[in-house]
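The values are calculated or read from the model by the stated rules, or taken from the named source; none is laboratory data. What you are looking at is a predicted structure, and each value in this text was computed from that prediction instead of being measured. For neighbour counting, all protein chains shown are included, and Cβ atoms are generated from backbone atoms with ideal geometry for every residue, glycine included. All accessible areas refer to the heavy atoms of the entire protein, side chains included, with ligands and DNA or RNA removed. Shrake-Rupley method; radii C 1.70, N 1.55, O 1.52, S 1.80 Å.
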Amino acid sequence: MRISVFGCGYLGAVHAACMASLGHDVLGIDVDREKVAKLSRGVVPFFEPEFDKILRSAMDSGRLRFTAAPSATDLADVEVHFVTVGTPQSATGYAADLSFVEAAVDTVLATVAPGTRTVVVGKSTVPVGTAEDLARRLEPRGVTLVWNPEFLREGFAVTDTLRPNRIVYGLSANEEHARRGQAALDAVYAQLIAAGIPRIVTNYPTAELVKVAANAFLATKISFINGMAELCEATGGDVVDLAEALGHDDRIGHRFLRAGVGFGGGCLPKDIRAFVARAEELGAADAVSFLRQVDAINQRRRDRVIELAERSLKGSIAGARITVLGAAFKPNSDDVRDSPALDVARRLHDRGALVRVCDPKALDAVHRLHPGLATERDPLRALEGAELTLLLTEWTEFAELDPVAAADRVSRPVIIDGRNALDPGRWRAAGWTYIGLGRWFPAGSALQSPRQAYREPVVTVQRRKPRRRERNSVPSRADRAFTRPVTALGDRVG
């Protein structure tokens, strides 16, 4: 089929390339000319595993091209237009900004020929009721609208496009348009349907709600376990053991039960806020009022990391050398939108800390958004001279760091594990003071509650001996900066 894809970000670019891989002729459209130029050369403008291969293959096949200025001729013979543009949070409130969706629809209406049976497929995440509003504009012109929500996970976008766990069609109440829309999407997804992927056919409101309800449920599950982490911190419980016990219940499951610094990214935070805003507009605010607390718990976890950093440094954040391992909101992505890791790094920097950020893929975005933050791609070099280390994105290379080698680099071996991704026993055995979120802290052989560990001088950190140097070598800047003596009390947590 002849397909267009409006919006070539994470969702749209991957969708365009994957549709081409299924044999369709695809035109990707985006107003960002730089992005279009890169994609046209087969260069991926963001990090997404496996996407580079499928993009190059689609470009080589001749079935995929991109443009920033589609002409009427470009769009004249398109059978299905996919709308995959962003719906960011409004600058004036919690509601979603639908201006990019409206612009895409305007472009289609401006180019569609009278009598053309064109189908528009919405994939953007929108407030419930949006599809019906758009259909009232499109159907009088003979254009059919289908709402086909996406369920992509960054880091797994190609798999989730070509092997999704379900396909949802939201169809018009008009029977003719419903038949036309279903037939068009059945043709687009013929190979996926033949492979046995479940297809759910429903109406517009349900299809819109599926995506926001899924995101709200996942956000709620994450914030629930983070709420339990707060209780564990107050009582001496261990949230990792708690989550393990809960996850064995088939009704609950283990996924999304890892407590930590919370969720971020371009979807969950803004989607649950837009969900609340739309419910309030519909007079159904009480139905989703709990989502405000979900959002609040998520934000508190960032505050908690700042608090722990301050306590571990005895209240002296200003001037402290702090290494933050992670900038992207999740591993296998370079997306820093609403990233907890980057937010914490920025806030520590604003309070006078000398922050160095390490991330395998997201440092270009860090340089662009926060040029005042120092960066380093190599984890061990990033640790050089650090008085405090924070692990805030659970990249494999961070989770698998050798704690002995890491301790040789730092000035003060104290780590806050904001993702509970490390083995506390292994790191403590290497001489580190390990601080996990929602976990108990041992003092000697006894089990200390976090409340005691944070507020009493129970953990003593011995500074490691400097690495052996060649004779007449010049001490590094970090060594010169951190050669002050350690008192008998040491640098303690509390």
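Does Thr161 qualify as being among the polar types (S, T, N, Q) and assigned to a helix (DSSP H, G or I)?
Numbers: among the polar types (S, T, N, Q): yes; assigned to a helix (DSSP H, G or I): yes.
So Thr161 passes the test.
Being within 22 Å of Val105 (Cα to Cα) and either among the polar types (S, T, N, Q) or touching a Leu at 6+ places or on another chain (Cβ under 8 Å) (or both) is the filter here; which residues of segment 5-18 pass it?
Going through segment 5-18, the residues within 22 Å of Val105 (Cα to Cα) turn out to be 5-17.
Val5, Cys8, Tyr10, Leu11, Ala13, Val14, Ala16, Ala17, listed by residue number.
Among residues of segment 378-394 that are more than 18 Å from Ala318 (Cβ to Cβ), those with a Cβ under 6 angstrom from a residue that is part of a helix (DSSP H, G or I) and at pLDDT below 95, sequence gap 6+ or separate chain, pair up as Glu384/Ala478. Taking segment 367-383 as the range and being of a type in the set (D, E, K, R) and surrounded by fewer than 15 Cβ atoms within 10 Å (Cβ to Cβ) as the test, the residues that pass are Arg368, Arg377, Asp378, Arg381.
Being over 14 Å from Gly260 (Cβ atoms) and either at pLDDT below 95 or within 27 Å of the chain's Cα centre (by Cα) (or both) is the filter here, so list the residues in segment 407-419 that pass it. Give the steps one after another, and end with the answer.
Quick first cut of segment 407-419, residues over 14 Å from Gly260 (Cβ atoms) only: 407-414.
Across segment 407-419, the qualifying residue is only Val414.
Return the residue satisfying two criteria in turn: it lies in segment 367-395 and is part of a helix (DSSP H, G or I), in contact with a strand residue (DSSP E or B) (Cβ under 9 Å, 6 or more places away or on another chain) and under 25 Å from Pro45 (Cα atoms), and of such residues it is modelled with the highest pLDDT. Here the residue is Pro379.
The one condition from (1) modelled with pLDDT under 95; (2) part of a strand (DSSP E or B) that Val201 does not meet is (1). Restricting Ala229, Ala234 to those that are of a type in the set (A, V, I, L, M, F, W, C), surrounded by fewer than 20 Cβ atoms within 10 Å (Cβ to Cβ), over 30 Å from Val126 (Cβ atoms) and touching a residue at least 40 places away in the same chain (Cβ under 8 Å) reduces the list to Ala234.
Here is a check on your reading of the model: is Arg273 open to solvent by 40 Å² or more (accessible area, probe 1.4 Å), in contact (Cβ under 8 Å) with a residue 40 or more places away in the chain and in a helix (DSSP H, G or I)? Against the criterion (open to solvent by 40 Å² or more (accessible area, probe 1.4 Å), in contact (Cβ under 8 Å) with a residue 40 or more places away in the chain and in a helix (DSSP H, G or I)), Arg273 does not qualify. If you go through segment 49-69 and keep only what is crowded, with 17+ Cβ neighbours inside 10 Å and not in a strand (DSSP E or B), you end up with Phe51, Ile54, Leu55, Ala58, Met59, Arg63.
Residues are listed down the side, and each one gets a yes or a no for (1) at pLDDT below 95; (2) more than 18 Å from Phe6 (Cα to Cα); (3) among the aliphatic types (A, V, I, L, M); (4) not in a loop (DSSP other than H, G, I, E, B):
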{"position": "Gly28", "(1), (2), (3), (4)": "no, no, no, yes"}
{"position": "Val43", "(1), (2), (3), (4)": "yes, yes, yes, no"}
{"position": "Phe47", "(1), (2), (3), (4)": "yes, yes, no, no"}
{"position": "Val85", "(1), (2), (3), (4)": "no, no, yes, no"}
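Which one of Val31, Val26, Val5 is without any contact (Cβ under 8 Å) to a residue 60 or more places away in the chain, open to solvent by less than 20 Å² (accessible area, probe 1.4 Å), among the hydrophobic types (A, V, I, L, M, F, W, C) and at negative phi?
Values: Val31 fails: open to solvent by less than 20 Å² (accessible area, probe 1.4 Å); Val5 fails: without any contact (Cβ under 8 Å) to a residue 60 or more places away in the chain.
The conditions single out Val26.
Just one of the listed residues (Val128, Val121) is of a type in the set (Val, Ile, Thr) and either in contact with a strand residue (DSSP E or B) (Cβ under 8 Å, 6 or more places away or on another chain) or not in a loop (DSSP other than H, G, I, E, B) (or both), and it is Val121. One residue alone among Asp364, Asp343 is out of contact with any helix residue (DSSP H, G or I) (no Cβ under 8 Å at 6 or more places or on another chain), open to solvent by 10 Å² or more (accessible area, probe 1.4 Å) and in a helix (DSSP H, G or I), and that residue is Asp364. Within segment 314-335, does at least one residue satisfy the condition of being touching a residue at least 60 places away in the same chain (Cβ under 8 Å), out of contact with any Phe, Trp or Tyr (no Cβ under 8 Å at 6 or more places or on another chain), assigned to a strand (DSSP E or B) and among the hydroxyl-bearing types (Ser, Thr, Tyr)? Yes, segment 314-335 contains a residue that is touching a residue at least 60 places away in the same chain (Cβ under 8 Å), out of contact with any Phe, Trp or Tyr (no Cβ under 8 Å at 6 or more places or on another chain), assigned to a strand (DSSP E or B) and among the hydroxyl-bearing types (Ser, Thr, Tyr). The set of residues from segment 165-189 being touching a residue at least 40 places away in the same chain (Cβ under 8 Å) and part of a helix (DSSP H, G or I) comprises His177, Arg180, Gly181, Ala184, Leu185, Ala187, Val188.
Got a number for residues in segment 396-409 being open to solvent by less than 20 Å² (accessible area, probe 1.4 Å) and part of a loop (DSSP other than H, G, I, E, B)? Give the steps one after another, and end with the answer.
Going residue by residue through segment 396-409, those that are open to solvent by less than 20 Å² (accessible area, probe 1.4 Å) are 398, 401, 403, 406-407.
Next cut, part of a loop (DSSP other than H, G, I, E, B) only: 401.
Within segment 396-409, residues that are open to solvent by less than 20 Å² (accessible area, probe 1.4 Å) and part of a loop (DSSP other than H, G, I, E, B) number 1.
Got at least one residue in segment 126-141 being among the charged types (D, E, K, R), surrounded by 19 or more Cβ atoms within 10 Å (Cβ to Cβ), out of contact with any Cys (no Cβ under 6 Å at 6 or more places or on another chain) and at pLDDT below 95?
From segment 126-141, those among the charged types (D, E, K, R) are 132-133, 136-137, 139, 141; that's our starting set.
Those still in the list that are surrounded by 19 or more Cβ atoms within 10 Å (Cβ to Cβ) too: none.
Checked segment 126-141: no residue is among the charged types (D, E, K, R), surrounded by 19 or more Cβ atoms within 10 Å (Cβ to Cβ), out of contact with any Cys (no Cβ under 6 Å at 6 or more places or on another chain) and at pLDDT below 95.
Are there any pairs, at least 6 apart or on different chains, whose C-beta atoms fall under 7 Å, with the first in segment 422-449 and part of a helix (DSSP H, G or I) and the second modelled with pLDDT under 60, and if so, which? Pairs found: none.
Only one of (1) out of contact with any Asp or Glu (no Cβ under 6 Å at 6 or more places or on another chain); (2) open to solvent by 10 Å² or more (accessible area, probe 1.4 Å) is not met by His81, so which one is it? Unmet condition: (2).
Please tell me if Leu109 is over 25 Å from Gly266 (Cβ atoms), part of a helix (DSSP H, G or I) and touching a residue at least 60 places away in the same chain (Cβ under 8 Å). So Leu109 does not fit the description; no.
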